[in-house]
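Working notes for the structure below.
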Amino acid sequence: MRVLVLGAGAVGGYFGARLAGGGHDVTLVARGANLEALRRDGLTVELAGETLRLGTIRAVGDPAEAPAPELVLVCVKSHDTIAAARALRPVVGPETVVLSLQNGVENEAVLADALGLPPLLVGLTRIGVELTAPATVHYTGRGEILFGEPDGTESPRALRIAGAFRTARLPHQLRRDVLVVAWEKLAWNAGFNAVTALTGASVGEALGLPASRELIRVAMEETDAVAAALGVPVRRARIEGVLAESAAEMPEFATSMLQDARRRRRLEHDALNGAVVRAAARTGVPVPVNRTLLALLARLDPGAQR
């Protein structure tokens with residue numbers, strides 16, 4: 001399958017490498033020093049105990065320079081979604097499958113509207129990765145794509161993408177309840193990304209202090225309440241188990257927003273806590289913790305201070 005990965009950072013680089021290694025025709029869209037390194041050195045993925053090197057992989061600065069894709073993985077930050085859609089217009093047609101692996105629950109609607117497409121597949125990933133240098137991805141865990149139709153059906157396009165992932169031996173789940181999974185991930189992100197970015201703490205450090213642990217828990221509970229008000233049947237009793245699992249499995253993990261804060265890069269608070277606040281306004285659900293986290297992150301955000 002011809003695959004275009006828009007945004008060859010940590011997430012895009014990892015999945016691009018896996019798909020290319022599985023025999024698919026992959027093009028990475030990157031920019032700046034990352035693009036230069038990809039063209040010069042190829043792509044390196046550092047795994048536990050081994051290193052995957054793709055000495056040659058097609059990398060371009062503009063999607064229009066790539067072969068017409070059958071599948072597009074959108075892996076840019078959520079605040080770049082509109083720009084991503086503009087860049088994709090020349091190469092996306094009615095039969096192109098566009099799958100967002102971005103944070104948040106609003107990107108699919110933005111992309112579909114901007115590209116003139118029917119509702120997109122809903123996608124997300126569970127992964128621990130960091131771009132440690134240009135064209136170098138450090139992988140720490142999971143690396144799974146979950147996706148499905150928003151109406152819960154197993155469509156031909158969803159089955160085709162599942163087949164492509166299976167060919168590449170890429171862990172994936174085609175989910176009928178993908179909206180539940182997406183909102184449950186949003187709840188995790190709204191709590192953990194926000195609190196770790198504000199405190200400079202890893203997942204384990206944030207959970208180790210009762211006050212910050214409580215902030216994470218309440219932010220997640222508020223997000224679940226909004227999802228339930230929208231008719232998304234999230235598992236509201238799961239949160240204590242999720243907190244314990246996160247503490248045990250990823251104590252040293254730096255969330256993506258914490259990584260961005262450390263590098264003085266623009267933050268994704270609007271796609272996470274902002275999405276909760278906007279949906280809460282539609283449903284009448286009070287979300288005071290998410291509103292507070294959103295306001296604090298807006299001031300912390302380097303993008304707001306330039």
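Among (1) open to solvent by less than 20 Å² (accessible area, probe 1.4 Å); (2) touching a residue at least 40 places away in the same chain (Cβ under 8 Å), which single condition is ALA225 missing? It is condition (1) that ALA225 fails. From the list ALA281, ALA247, the one residue that fits, being touching a Leu at 6+ places or on another chain (Cβ under 7 Å) and open to solvent by 20 Å² or more (accessible area, probe 1.4 Å), is ALA247. Applying the criterion of being free of Cβ contacts under 8 Å to residues at least 60 places away in the same chain and surrounded by 18 or more Cβ atoms within 10 Å (Cβ to Cβ) to the residues of segment 31-54, the residue that is farthest from the chain's Cα centre (by Cα) is LEU54.
Any chance segment 174-181 includes a residue that's open to solvent by 50 Å² or more (accessible area, probe 1.4 Å), of a type outside the set (Asp, Glu) and within 19 Å of GLY143 (Cα to Cα)?
So far as segment 174-181 goes, yes, one or more of its residues are open to solvent by 50 Å² or more (accessible area, probe 1.4 Å), of a type outside the set (Asp, Glu) and within 19 Å of GLY143 (Cα to Cα).
Restricting the first member to segment 1-15 and to residues that are part of a loop (DSSP other than H, G, I, E, B), and the second to residues that are of a type in the set (Ser, Thr, Tyr) and modelled with pLDDT of 95 or more, the beta-carbon pairs closer than 9 Å and six or more apart or on different chains are MET1/THR167.
Between a first residue in segment 133-160 that is touching a residue at least 40 places away in the same chain (Cβ under 8 Å) and assigned to a strand (DSSP E or B) and a second residue that is open to solvent by 40 Å² or more (accessible area, probe 1.4 Å) and among the hydroxyl-bearing types (Ser, Thr, Tyr), which pairs have beta carbons less than 7 Å apart while being 6 or more apart in sequence or on different chains? Close Cβ pairs (under 7 Å, with a partner that is open to solvent by 40 Å² or more (accessible area, probe 1.4 Å) and among the hydroxyl-bearing types (Ser, Thr, Tyr)) amount to HIS138/THR132. All conditions but one from (1) over 20 Å from GLY104 (Cβ atoms); (2) in contact (Cβ under 8 Å) with a residue 12 or more places away in the chain apply to GLY241; the one that does not is (2).
The values are calculated or read from the model by the stated rules, or taken from the named source; none is laboratory data. If you're wondering where the values come from, they're calculated on a predicted model, not measured in any experiment. Using ideal geometry, Cβ is built from the backbone for each residue, glycine included, and neighbour counts are taken over all protein chains shown. These accessible areas exclude ligands, DNA and RNA; they are computed on the full protein's heavy atoms, side chains included. Shrake-Rupley method; radii C 1.70, N 1.55, O 1.52, S 1.80 Å.
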